[in-house]
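Chemist: Please read through the structure below; I'll follow up with questions.
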Amino acid sequence: MKKGIHPENYRFVVFKDMSNGTSFLSKSTAATKETIVFEDGNEYPVIKLEISNTSHPFYTGKNVLVDTAGRIDKFKKRYAKKD
């Protein structure tokens, strides 16, 4: 691996799945201004996810379509046949 191309400012960050509320702690360099108190009682920066392994149909085995921002209704409304 090449030296000097990987970031060195990793920090603990909470990733929160907004579709089901699940959160997990990991290290990341992603920037965020929001914080959250995690299960261990400490405050960490939070990165909000639309979908994660706890809500993705491939991992859950359920064929559920997650619509976080009304995109499906917006699509149907836009491309609906007009009489």
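The values are calculated or read from the model by the stated rules, or taken from the named source; none is laboratory data. For clarity, every value in this text was computed on a predicted model and none was experimentally measured. Methodologically, a virtual Cβ is constructed for each residue, glycine included, from the backbone with ideal geometry; neighbour enumeration extends over all protein chains shown.
Residues are listed down the side, and each one gets a yes or a no for (1) assigned to a loop (DSSP other than H, G, I, E, B); (2) farther than 22 Å from GLY70 by Cα; (3) touching a Gly at 6+ places or on another chain (Cβ under 7 Å); (4) of a type in the set (Lys, Arg):
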position: MET1; (1), (2), (3), (4): yes, yes, no, no
position: VAL13; (1), (2), (3), (4): no, yes, no, no
position: ALA30; (1), (2), (3), (4): yes, yes, no, no
position: ILE36; (1), (2), (3), (4): no, yes, no, no
position: ASP40; (1), (2), (3), (4): yes, yes, no, no
position: PRO45; (1), (2), (3), (4): no, yes, no, no
position: SER52; (1), (2), (3), (4): yes, no, no, no
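Chemist: What are the pairs, 6+ residues apart or on separate chains, where a residue within segment 41-54 that is at pLDDT 85 or above has its Cβ under 7 Å from a residue that is among the acidic types (Asp, Glu)?
Modeler: PRO45/GLU34; VAL46/GLU34; LEU49/ASP17
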